[in-house]
Amino acid sequence: MTARPAKFAWSLALIAPLALTACHGPAQPVTKLMTADPDEWPSWGRTGSETHYSPLDTIDADNVSGLKLAWHFDLEPGYTASTPLMAEGKVFITSGHSHIRAFYAETGKLLWEYDGGTRERATSSLQMTWGNKGIAYDKTPDGKGHVFLVTTDGYVISLDAATGKEDWKTYDYPDNAPRNSNGAPRVFGGKVITGFGGADISPARAFVTAYDEATGKRLWRFYTTPGDEVTPANRQAEAVMRETWPSGWKNEDGTRRGGGGTAWNAFSYDPDLGLIYIGVGNGFPYNRDKRSPGGGDNLFLASIVAVDADTGEYKWHYQVCPGEQWDCTATTDMTLATLKIDGKERKVLMQAPKNGFFYVLDRKTGELLNPPGKIAKVTWADRIGMKTGRPVENPGIRYNGKPGMFELWPGPTGAHSWMPQAYSPDTGLVYIPVLENGALIGDGMEGGGEITRGMGVTLIPEVDLPGGHRSFLKAWDPVTQTEAWRVKLPGSWPGGVMTTAGGLVFEGQIDGKFAARDAKTGKELWSFKAVSPIVGAPITYRMNGKQYVTVITGSGGQGAGMQTLANVPYHTDYRLPRRVLTFTLDGKDTLPPFTYTEPTPPADPDYQPDAKRSQAGFMVFAGNACLVCHGWNAVGGGAAPDLRYSPAITDAQTFRAIVKEGGLKMNGMPPFSGISSTDLENLRFYLRTRAQQAPAEKKAMLNKLKAAKAATAKPQDFPGKWNIVIQSPMGPQKAVLDLKVNGHVVTGTATAEQGSVDLAGAFKNGRIKIEGKASMPMPITVAYDLTVKDGELQGENSNGPFGTFPVTGTH
């Protein structure tokens, strides 16, 4: 069976709880896999079912209000958007690039630590982008506990859980193609399962490998796209895949033209069926006409694939986006459960992939069991056909060869990204961290339009579209395919989720709040202000009869550095303290006081505005993937320093030593040795420009927040011509806005010395939001967010990657 694309549906309610009825027992069957090892959390999803559910109930809806901090541990700056483990009385964590620590679970005493050595070895920036999201634990046949990790540069390592000493170490990559490994490995049936990422920048053929947990010997390797090498595990899979790449996957010179399909994050395991489930990612390049000129579904891109756990042989697949070309992936959690559907108990696999639909499959056969519902806004497909299992695509969404840009919902970060969902058999609900964000996408353009080199598309992922830049925690009924309740979260990047038999759902937030909610209604029952954002999922465990909850603070994990702009009000600052926090009902620990200091741009008296040079520098910033860590528009999201406030950008020699020569490699900043001197200086100039713009942007943001609360304007206040002034760092910029309002629909034109832009949008809550498309020569979105107060037009103007500035205007 093949895959299909997804679609989003949205609502404005902050909380819309629908009470569950007849809750005198579990809403759905509780399987043995869900309740195995109740005191521990030894794997990413606790067990191979990947439910992120704990059967512990000492902490429950009645007493969670008394939860207090038991212990904490301060971490160094670096990647901390990860999920801890607990086994044999120890809490194990990973931070940075494979820095592993073990703590005594009751007190937080540090027992040992291990550095994976990535920063010394790494030879590419890809190997030093994101750190590890998780690790694995298991007991080998000799009864010894081991911690398993995969470094971002491809080493699979087994550590003695008692001492942190290496037991074995092997290298996973077969060649020098761009790859990185940052998802958590899994240990299923005595095998360490691992994949890797890199599909966005390389056609390298992707695969998943199983290693013997006791020896590190490779047992099997399963390829997720076709190629010349056919392993025993791939004989049947090759036959299935090749016919869906009708023009092959090679250029005339024998090099790979198309590929991708990396499986870097999602794996599940059914020991009764003897199946391992693989969540497969997007294709390279995005544009299918370049990857596969003859068309085709291009399996196993954006697919769920079931393989034999012992041999790696193909069993079945389900493709969520046939002919993928929107960065559609199936690399989100695959939750295994037993559900009563049409009166019958069915063993199911549930997934909310990036495409916006929620899928319930028979995990033995891959059969689609009910019509997938939309967990968020979707514009690329109308529905999923039950007879075909394929999406009914909306007209025009395939941008190949067409002019202009298309509005794509969800955008490339998806309606659900890698942050884990959770499932409770007690309520029968799946708890999903949902993103509502659109993007603009179109065919590849000459002259710099492709900000991501070689992808064959023009993509603007950070667009201020109505209804976008939002996030939710949604409770989803997988049987009825309906939303049970929702909670609107701050910002645009939600945290991972955990649920318990105590009737609770735990989740961190971008504003630093760690909250427990009633699993039936979504009502907040407890919260803790952690100072720093929380993205990684929490865990819970029991020691000596006492239940604990542990979470790691710290921002990071936003795909390609996107979803940073909407989080600016919440101080997602790299400098914020990163910590391991553990709670229990009688905790006695406290955090030291912390006062946040607002950053200020460095003094730069020699700076002189130059729009063309700044534009050239932006293309260097985007084309070299600087935005991956340092954020869209160079607005930091907490994964790495915000370069607008770095003193290094004002000194050419210092900047060169860091960016080109690798002066801060051991701090996690990779060297870009191939960058030209011209590009290096243009990049530095762009960052200097963004530093100059930062104060005005901050002022505009604060004014916007104030205005949003106080806006009382009516639609009739806006029509007519307005002489406006935009306060940019290059001086006041004058323009004329000519606005028309029909009901709540707003249209108009902005005219300035550089030309005019047609605008369209809507009136809502005392404000108008209008935008239009311009070319400089790359396509950008020009947008206005305005209100009228005391007869004056007030608000902000944003110009694609060049900043957001205050606007005032008079008739």
With a 1.4 Å probe and all protein chains left in place, how much of the accessible area of the chain comes from carbon and sulfur atoms, in whole percent?
52 percent
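Where does the chain land at 222 nm, in deg cm²/dmol rounded to the nearest 500, when only DSSP H runs of n ≥ 4 count, each adding -39500 (n - 2.57), divided by all residues? List each step's numbers first, then the result.
Details: 8 runs with 79 residues, N = 811.
Per the formula, -3000 deg cm²/dmol.
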Rg (Å, one decimal) plus Dmax (Å, integer) for the alpha carbons of the range 336-478?
17.3, 59
With charges set only on the Cβ (+1 for Lys and Arg, -1 for Asp and Glu), what does the dipole of the range 554-692 come to about its Cα centre, in debye to the nearest 20?
180 debye
Estimated dipole of the chain in Debye, rounded to 20 [Cβ of Lys and Arg +1, of Asp and Glu -1, Cα centre]
1060 debye
Taking Cα centroids, how far is the range 124-180 from the range 227-292 in Å?
24 Å
How big is the range 103-171 by Rg and Dmax over its Cα atoms, in Å?
13.4, 40
Would you give the gap between the C-alpha center of the range 583-633 and the C-alpha center of the range 656-683, rounded to a whole Å?
17 Å
Taking all pairs of distinct Cα atoms, average 1/r, flip it, and tell me the Kirkwood hydrodynamic radius of the range 630-684 in Å to one decimal place.
11.6 Å
Which of the residue pairs K740/K773; K714/K769; K488/K789; K377/K523 have a Cα-Cα distance greater than 22 Å in the structure shown?
K488/K789; K377/K523
Determine the order of M543, M498 by accessible area, beginning with the largest, at a probe radius of 1.4 Å.
M543, M498
Please turn the phi angles of the range 490-499 into ³J(HN,Hα) values with the Karplus equation 6.51 cos²θ - 1.76 cosθ + 1.60 (θ = phi - 60°), one per residue in order, whole Hz, x for glycine and proline.
x, x, 10, 9, x, x, x, 10, 9, 10
Phi-based couplings in Hz for the range 308-318 (Karplus 6.51, -1.76, 1.60; Gly and Pro marked x)
5, 5, 7, 10, x, 6, 4, 10, 7, 9, 9
Considering the Cα positions of the range 467-560, please state its Rg to one decimal place and its Dmax as a whole number of Å.
13.9, 48
State in Å² the accessible area per residue of the range 434-547; use a 1.4 Å probe, count heavy atoms of protein chains only, and round to the nearest integer.
25 Å²
Those aspartates and glutamates that a straight Cα-Cα span of less than 15 Å connects to K347, excepting residues fewer than 8 apart in one chain:
E50, D270, D272, D362, E367
The range 788-794 - phi-based ³J(HN,Hα) in whole Hz, Karplus 6.51/-1.76/1.60, Gly and Pro as x
10, 9, 6, x, 10, 7, 9
Please tell me which of these pairs span more than 18 angstrom C-alpha to C-alpha: K699/K721; K68/K588; K109/K588; K90/K144; K68/K529; K520/K588?
K699/K721; K520/K588
Longest exposed-site-free window of the chain, the sites being GluC sites (Glu not before Pro) in a DSSP loop that have at most 10 other C-beta atoms within 10 Å:
447-752
If you bin every alpha carbon distance in the range 504-662 into 10 Å steps from zero, what whole percent lands in each bin?
9, 30, 29, 17, 10, 4, 0
Toy charge model, Lys and Arg Cβ at +1, Asp and Glu Cβ at -1: the range 205-354 dipole around Cα centroid in debye, rounded to 20, equals 240 debye
When only alpha-carbon atoms count, how far does the chain stretch along each of its three principal axes, as whole angstroms with the largest first?
78, 66, 59
P(r) over all Cα-Cα pairs of the range 14-147, 10 Å bins from 0 to the longest distance, whole percent per bin, short to long, reads 10, 30, 33, 19, 8, 1
Could you give me the percent of Cα pairs per 5 Å distance bin for the range 230-364, shortest bin first, beginning at zero and ending with the bin that holds the maximum distance?
2, 11, 19, 21, 19, 14, 8, 4, 2, 1, 0, 0
Among the trypsin sites (Lys or Arg not before Pro) within the range 198-267, which fall in a DSSP loop and have no more than 16 other Cβ atoms within 10 Å of their own Cβ?
K217
What does the charge count near A516 come to, summing +1 for each Lys or Arg and -1 for each Asp or Glu among other residues with Cβ under 9 Å from its Cβ?
-2
Span per principal axis, largest first, for the Cα atoms of the range 169-261 (Å):
43, 28, 18
Assuming a viscosity of 0.890 mPa s and a temperature of 25 °C, what translational diffusion coefficient in µm² per second does Stokes-Einstein assign to the range 286-366, Rh being the Kirkwood radius over Cα pairs?
176 µm²/s
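Provide the per residue accessible area, probe 1.4 Å, for the range 95-243, rounded to a whole number of square angstrom. Write out the running numbers ahead of the final one.
On the way: 5190 Å² over 149 residues.
Ligands and nucleic acids excluded, the result is 35 Å² per residue.
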At most 16 other Cβ atoms within 10 Å and a DSSP loop assignment: could you name the trypsin sites (Lys or Arg not before Pro) in the range 117-177 that fit?
K144, K165
Convex hull of the range 355-422 built on C-alpha atoms - directionally averaged projected area, nm²
5.9 nm²
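The values are calculated or read from the model by the stated rules, or taken from the named source; none is laboratory data. Owing to the predicted nature of the structure, the values given are computational and were not obtained by experimental measurement. With ideal geometry, Cβ positions are generated from the backbone for all residues, glycine too; neighbour counts draw on all protein chains shown. Just so you know, the surface numbers come from the protein's heavy atoms only, side chains and all, with ligands and any DNA or RNA stripped out. Shrake-Rupley method; radii C 1.70, N 1.55, O 1.52, S 1.80 Å.
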